[in-house]
Amino acid sequence: MTDIEQTPVAPEQVVLTELLVPQQAAALAGVIGAEVPSSTLPPLWHWVHLLERRPQADLGPDGHPTSGLPAPPGPGRRRMFAGGRVTTYGELRLGEEATRTTRVVASQEKQGRTGPLSFVTVRHEITQGGELLVVDENDIVYRAADSGSLPPARPDDENPARAARLDLTVDEALLFRFSALTYNAHRIHYDHAWARQEGYADLVVHGPLQALMMGELQRRAGDGLVGRTFGYRLVAPMVGPQTMSVVAGADGLAAGAEVRDAHGVVTATSTLVPA
């Protein structure tokens, strides 16, 4: 049983302490086809640990909490995960407690083509034994409920062949399992009718899953993420069961990677720079 302490320190931040049980990491390894880690958590794998587990009564119709960090800027606003940055100073140790401190560090209101947009950046700092090991920033966008369908993405005409490559077959079962592992109740990942209501043709493949697989390609190829900042951006929705392909970026795998859907559309990109 996972030992969790969730302490609201102030309205501006939330502190959560949890034992990093190896079972969570083993479960993620089974979903993405990776080796089960033995003593330390691979970079980005903290996304299945240190999670807020909110009561069902706190969730809105879309499956997201209606309060907390961040809270929707208004009723009916649709949430989109736009990207983020993860700086890994050292690997987290399994079997030991770690602490995550979360706060909103930036917010901005804009007017887009489809209506008002709210941009929020949430920063998570993860420490273990008093040492800062991970800084994780998430960029979240809220758009109006009546903003219509998202514009279709276009395939990359160049579609160059990449030497480094990692494929992952994504179906409804995998989306469900990743949602469960990350405690993500957003209905666009499992409710077909809700996904269509939000303007998608089918279930949406998680942005963090795509980011995780870009990091995995780099990690498995020997381009370690420790001591570096892994930045990622979601540039187009990936929808429907399919095989996603992760390949090196245009400047080589040491500089970044990208995700392509079954039609050759680039849906996510990443960069890797010194911390």
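Only the coordinates and a few stated rules stand behind these numbers; no lab work does. Computed from a predicted model, the values in this text were never measured in an experiment. Backbone-built Cβ (ideal geometry, glycine too); neighbour counts: all protein chains shown.
If I take R0 = 35 Å and measure r between the Cβ atoms of Ala193 and Val21 in this structure, what FRET efficiency does the formula 1/(1 + (r/R0)^6) give, to the nearest 0.05? Present the calculation step by step, with values, prior to reporting the outcome.
Values: r = 35 Å, r/R0 = 1.00.
For Ala193 and Val21, the calculated efficiency is 0.50.
Arrange the following residues from fewest to most other Cβ atoms within 10 Å of their Cβ: Ser39, Ser107.
Working: Ser39 9, Ser107 13.
By the 10 Å Cβ count, ascending, the order reads Ser39, Ser107.
Would you mind ranking Ile126, Ile188, Ile32 by Cβ crowding within 10 Å, fewest neighbours first? Please list the in-between numbers first.
Numbers: Ile126 24, Ile188 27, Ile32 17.
Neighbour counts put them in this order, fewest first: Ile32, Ile126, Ile188.
Among Glu12, Glu258, what is the fewest-to-most ranking by other Cβ atoms within 10 Å?
On the way: Glu12 11, Glu258 23.
So the residues, fewest neighbours to most, are Glu12, Glu258.
Is it possible to state the helix-based mean residue ellipticity at 222 nm for the chain, with each DSSP H run of 4+ residues giving -39500 (n - 2.57), the sum divided by total residues, to the nearest 500 deg cm²/dmol? What is it?
On the way: 4 runs with 41 residues, N = 275.
Roughly -4500 deg cm²/dmol at 222 nm, from the helical runs in the chain.
Counting pairwise Cα distances across the stretch 12-58, what percent come out greater than 18 angstrom?
On the way: 408 of 1081 pairs.
The share of Cα pairs beyond 18 Å in the stretch 12-58 comes to 38 percent.
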